[in-house]
Structure formats: C-alpha cells, structure tokens
1. Let me have the 222 nm mean residue ellipticity of the chain computed from DSSP H runs of 4+ only, each contributing -39500 (n - 2.57), with the sum over all residues rounded to the nearest 500.
2. Given the options 231, 183, 65, identify the residue whose Cα lies farthest towards the positive end of the charge dipole of the stretch 5-236 (+1 on Cβ of Lys, Arg; -1 on Cβ of Asp, Glu).
3. Beyond a 19 Å Cα-Cα separation, which of these cross-linked pairs lie in this structure: 266/291; 176/237; 146/182; 137/273; 273/295; 176/324?
4. Roll a 1.4 Å probe over the protein heavy atoms and report the accessible area of residue 213 in Å², nearest 10.
5. Among all the aspartates and glutamates, which ones have a C-alpha under 18 Å from residue 288's C-alpha, if same-chain residues fewer than 8 places away are not counted?
6. In a solvent-free Debye calculation with one equal scatterer on each Cα, what is log10 I(q)/I(0) for the stretch 15-69 at q = 0.14, 0.19, 0.20 Å⁻¹, listed in the order of the q values?
7. Taking only protein heavy atoms and a 1.4 Å probe, what accessible area per residue, in Å², does the chain have with all protein chains in place?
8. Filter the chain for me: DSSP H helices, axial length by Cα at least 24 angstrom, mean Kyte-Doolittle hydropathy not below 1.0. List them by residue number.
Amino acid sequence: MTEPLLVVAPMESLTGMPFRRVHAHFFGSVDRYYLPFVTPTTLPRFTDRQMRELAPEVNAGIHAVPQLLTRRPADFIWAAKALADLGYDEVNLNLGCPAGTVVAKGKGSGFLREPAQLQRFLDAIFSADLPIAISVKTRIGWADEKEFDLLADVYNHYPMMKSLTIHPRLRTDFYKGDVREKVFEEYFASFKMPLGYNGDIITVADIRRVSERYRPLAHIMVGRALMADPALFRKAKGGKAATLKEIQNYYDALLESYRVAFGNLKNSLMRMKEYWFFQHNLFDGAEKAVKAIYKAKTLEDYTDAINRIYETCPLRSEALYGWKKPLADD
Ligand SMILES: Cc1cc2nc3c(=O)[nH]c(=O)nc-3n(C[C@H](O)[C@H](O)[C@H](O)COP(=O)(O)O)c2cc1C
C-alpha cells in the first residue's frame, strides 16, 4: 500500500513565500505546501498582495496548493478558476480557522455551525464544473463532537472531493488540549473520499503510527512541528536529521528572505521570533535562552541570542512538543 504524502499545513504568517522557498531549498522532502488562506473578494481579481503568494513564479519548483476562505460560492468559483489559470491543480477550502473575526462572518470553522448552508455552498462549487480539483480542510465541529455526524454526512455527498483533511479539534478547542483522535478513528472508514490527518504530529514515530493505523491515508499534514524541526519529513522518508550547520544556514537564509520580502529589519526580526517559538524545541534546555531572542530589538541582539542557543544547547534528534497548550487557560 502506498505511503501517505507528507504535506505542510497552511499557516498564516509562517508558511508564506519566504518560508516555502527557503525550506524547499534546504530540506525539501515535502510533497505539497498548502498556502495560508486567501480571502477572495467580490471583485473578481486577486490583489497585488495576494499575488505575492500566488504568482506561479513565486512557487516555481514546489507543489503548492492555494487555500480559499469564503462562504460565498460566487467568490470561490471565480477564485478557483483564476487559480486554475495560474496553473494550480488543486484548491483547498478552509473550514477550520477559529479566529473570532473569521467565524463572526460565518467563515472558516464558523461555517460548521450551519451544515445546511454549507451543503448548499458545496453543491454550488462542486456542480460548477471547475477546471481544478477541490479539497477541504475541516475541524470536527463547533462545540460538540456529535456535530461531526451531520458534517461527515454532508461531506460524503461529495466523493469527487480531492481530499478531506481532518483536524480533529472543535472550534471551541482552538489549539488547546489533545486532538480528539478517537473521532477521526470512529469516522475513518465511513468516508468516501481520500482522507488527510492533521494535528499534533511531532516526531517520525508519530508519522509512522498514524500511517500504519489509518490505511489508506492520502496524506499527513504537519504544521507547527515542521517549524520546530524543518527536517522532519526528510527523516520520515529515510533521510538524516538536521545538522547544526543546516539550521544555521537555514535561519540566515530565512532572515535574508524576509528582509527582501518586507524591506524592513524590524518586521523581519518579529517574524523570526515566531519561528523560534517553535524552533527552540529542537534544542535541549533552550527555554531560557529563547527569551533573549524574543527580547531582541536589534540585529546584533538577535544574532547574539541565536548564537547562544547554537553554542550552548545541544541539538536534539526530535523536537519536543513544547508549544502544547493545556485544555483550560487557568
Ligand atoms: C499561526 C497559525 C496560522 C494558521 N493558519 C492557517 C491557515 O491559514 N489555514 C488553515 O487551514 N489553517 C491554519 N492554521 C492551522 C494549521 O494549518 C493546522 O491545522 C494546525 O496548526 C494543527 O496542525 P499542527 O499540530 O501540525 O500544527 C494555522 C495555525 C497556526 C498555529
């Protein structure tokens, strides 16, 4: 049986163009990069800002899958056609985003509260005879696992879907607590389309466990752990763990790539801090040292702080799940 593809989760701010290019160059081993969501407007044209992520030359040499966040069929349809014209072979629908501003408009995981409207939306886009495959990324409901019963039934009306990626959390979980894997397991056999698994995959052993447990699986999608361990997929495919030199070169290139993209050091350093929030988990005992990165205001402070981690914290062969959030905030 074929092994699941290993795909990078869409992550706003983290898996944008500078990351994709630098990551693909240094570590590769990614079967698909899902792009952070784009919100199509009623004006049937991508903005210049959106084109900085979507222009074919930006994603040359990597298999990129754009993602749309909308609840209006007409907006999805024009955008999907425009993406096909740009040369993409798949477009992903975001039904997972838990952000308050998004769900307030009934988009992302907000759409999961209205299964009947969701079905009308899916009817419209799947009957539009679009020249591009449609895949969906979903949570398992808004506030209760039982909601997935109806949602699974809605999705099963569209067996022509390229894949359905399930992040087994509710909207009310945000990213807290453990994934509700038992829900994924319970419904796994009932789906008519290829499935993808997403959520809290940290190590090669996690990838192996999920690939062996759920067969066949179209893909395993990883987000945060790939920010912590950029060589995760390479290792899963039999390659070597990241060396210190590779991490150093990768971070130099990532910073440079953001400086070019942003034209601004301050914003580039802020972005690097977001990566280091995950990345320090690949270094032993870096919890204190990483604070100097968060505090860095100048390039010199930042360079000193990362060098201190490189010099004093041994590189681990697997990342720790250091970003785990408890179920309750209190
Ligand atoms: C900073 C951040 C930004 C994200 N942006 C998106 C997004 O644009 N589209 C999307 O479908 N999911 C988004 N997600 C969710 C991830 O794709 C993924 O489902 C989630 O992080 C769980 O997978 P992981 O445990 O492998 O990170 C985002 C998550 C984070 C932490």
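1. That comes out to -12000 deg cm²/dmol.
2. Final value for the positive-end residue is 231.
3. Over 19 Å apart, Cα to Cα: 176/237; 137/273.
4. 120
5. 274, 301, 304, 311
6. Taking Cα atoms of the stretch 15-69 as identical point scatterers yields -0.37, -0.64, -0.70.
7. 44
8. none
The values are calculated or read from the model by the stated rules, or taken from the named source; none is laboratory data. This one's a predicted model, so the numbers in the text were calculated from it and none came from an experiment. We place every Cβ from the backbone using ideal geometry, glycine too, and count neighbours over all the protein chains shown. Please note that ligands, DNA and RNA were not included when accessible areas were found on the heavy atoms of the full protein model with its side chains. Shrake-Rupley method; radii C 1.70, N 1.55, O 1.52, S 1.80 Å.
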